[in-house]
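J.: One structure, pasted below without further comment.
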Amino acid sequence: MRSKITVAIFLLLTILIIGVVGFKITMELSWVDALYMTVITITTVGYREVEMPSDTAKLFIIFLILCSVVIVGYAVTVISEYLISRTSIKELREKRKQKNIDHMENHIIVCGYGRNGREAVEKLIDYHREFIIIEKDQQVIDDCNLDEDLFLRGNANEDEVLLKAGIERAATLITALPDDTDNLFTVLSARQLNSELKIISRASEETSYKKLKFAGANNVILPDKIGGEHMASLIVSPDLVEFWDNLSYGGDDGVNLEQVSFEQMFDDDRGCSIIDLNLRQITGCTIIGYKSPEGDYTVNPDPKMMLTKGSKIIVVGNTQQIQNLQKVYRINNEVI
């Protein structure tokens, strides 16, 4: 189709140049008058002539009209087909994208594809998690290297856009918009549409932390604060921080930390103590943390601590040990 458009434009320019030069020679007109005569002849508008044409000029005009009718007709047909096809293809693509979103369940919605949103998406890709990105800037979508079908263009503050993204069926929403006010409105809208949704929000100012939590965010991340604390920690205990940074949470390079829920470990509601679980003997992994059903964390839990419904354990191990763990239990890289 693009080659046809190129040919059509080339023919239009050719007939225009032939007309201007022809009128310049046959009727000895100025360049402006020659252009004027060419345009009214090609378009068949029929305004008054600059001066009466000679017989030679009349023959040239007849030739120009016959050629222009064919060329202009061809050009109009090609351009019209292109515009119609572009509109149809775009509509079909949007319908296909929406159909795919409508089939998503327990997926993740990422609002904003800025610096933090991009990092979140890269990690989700490593985890092989299903997600959709809401981004209102078309230029950002065009400049990224991701499939455009992963993006839903719109304002995450609007309920209609969140509903199109499948907010009612989603498991988690990450709002990484640059403005705290936008994040606040997005959290409010999302919490209203899905009371069970896990919401993780970005915040630029510490004063926004409590507001976002009150609005319904489960977790609020302050990137600047985390970055500053991380740099200070590299001064106070550099070896410890570097060791922690080298631990991998997911991706193709192997995993060193993993979580296992009670539901993955047991098929019934009967509890079990950590020592009776015998996880180190079975998989080689070491339990370093416990998350209660209420969301409270315990570091290095007591071996006699009971695992109950809704609880989770956090384990550490080398790549092979974590792979053994994943084979024993139904690990699906849930969010801790």
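The values are calculated or read from the model by the stated rules, or taken from the named source; none is laboratory data. Note that this is a predicted model, so its numbers are computed, not measured. Cβ sites come from the backbone with ideal geometry, for glycine too, and all protein chains shown count toward neighbours.
J.: Could you please find all residues in segment 1-39 being surrounded by 16 or more Cβ atoms within 10 Å (Cβ to Cβ) and not aliphatic (A, V, I, L, M)?
T.: The answer is 19, 22, 23, 24, 26, 33, 36, 38.
J.: Report, ordered by the first and then the second residue, all pairs with beta carbons closer than 7 Å, sequence separation of six or more or different chains, a first member in segment 22-42 that is closer than 14 Å to residue 53 by Cα and in contact (Cβ under 8 Å) with a residue 12 or more places away in the chain, and a second member that is of a type in the set (Lys, Arg) and assigned to a helix (DSSP H, G or I).
T.: 34/24
J.: One residue is enough: does segment 107-127 have a residue meeting the conditions assigned to a loop (DSSP other than H, G, I, E, B) and out of contact with any strand residue (DSSP E or B) (no Cβ under 8 Å at 6 or more places or on another chain)?
T.: Going residue by residue through segment 107-127, those that are assigned to a loop (DSSP other than H, G, I, E, B) are 107, 112-114.
Pick out the ones that are also out of contact with any strand residue (DSSP E or B) (no Cβ under 8 Å at 6 or more places or on another chain) and you get 114.
Yes, segment 107-127 contains at least one residue that is assigned to a loop (DSSP other than H, G, I, E, B) and out of contact with any strand residue (DSSP E or B) (no Cβ under 8 Å at 6 or more places or on another chain).
J.: Now a separate question. Condition (residue is surrounded by 13 or more Cβ atoms within 10 Å (Cβ to Cβ) and of a type in the set (A, V, I, L, M, F, W, C)) applied to segment 229-243: is it met by at least one residue?
T.: At the first step, the residues of segment 229-243 found to be surrounded by 13 or more Cβ atoms within 10 Å (Cβ to Cβ) are 233-234, 241.
Retained after the next criterion (residues that are of a type in the set (A, V, I, L, M, F, W, C)): 234, 241.
Scanning segment 229-243, I find at least one residue that is surrounded by 13 or more Cβ atoms within 10 Å (Cβ to Cβ) and of a type in the set (A, V, I, L, M, F, W, C), so the answer is yes.
J.: Let me ask something additional. Before we move on, is residue 99 surrounded by fewer than 12 Cβ atoms within 10 Å (Cβ to Cβ) and closer than 22 Å to residue 161 by Cα? Give the steps one after another, and end with the answer.
T.: On the way: surrounded by fewer than 12 Cβ atoms within 10 Å (Cβ to Cβ): yes; closer than 22 Å to residue 161 by Cα: yes.
Criteria met by residue 99.
J.: Here's something else I'd like to know. Considering only segment 154-211, state which residues are among the hydroxyl-bearing types (Ser, Thr, Tyr) and either crowded, with 23+ Cβ neighbours inside 10 Å or under 20 Å from residue 136 (Cβ atoms) (or both).
T.: From segment 154-211, those among the hydroxyl-bearing types (Ser, Thr, Tyr) are 172, 175, 181, 186, 189, 195, 201, 204, 207-209; that's our starting set.
Result: 175, 181, 186, 189, 201, 204.
J.: Show me the strands (runs of 3 or more DSSP E) found entirely inside segment 268-336 where at least 1 residues are of a type in the set (Lys, Arg) and at pLDDT 85 or above. Full working, then the answer.
T.: Values: elements: 286-291, 297-299, 312-316.
Because the criterion is at least 1 residues that are of a type in the set (Lys, Arg) and at pLDDT 85 or above, the strands (runs of 3 or more DSSP E) in segment 268-336 that meet it are 286-291, 312-316.
J.: I've got another one for you. Can you pull out every residue in segment 133-149 that is buried (at least 19 other Cβ atoms within 10 Å of the Cβ) and either assigned to a helix (DSSP H, G or I) or basic (Lys, Arg) (or both)?
T.: 136 - this is the single residue of segment 133-149 that is buried (at least 19 other Cβ atoms within 10 Å of the Cβ) and either assigned to a helix (DSSP H, G or I) or basic (Lys, Arg) (or both).
J.: Might you let me know whether segment 62-81 holds any residue that is at pLDDT below 85, among the acidic types (Asp, Glu) and in a helix (DSSP H, G or I)?
T.: Scanning segment 62-81, I find at least one residue that is at pLDDT below 85, among the acidic types (Asp, Glu) and in a helix (DSSP H, G or I), so the answer is yes.
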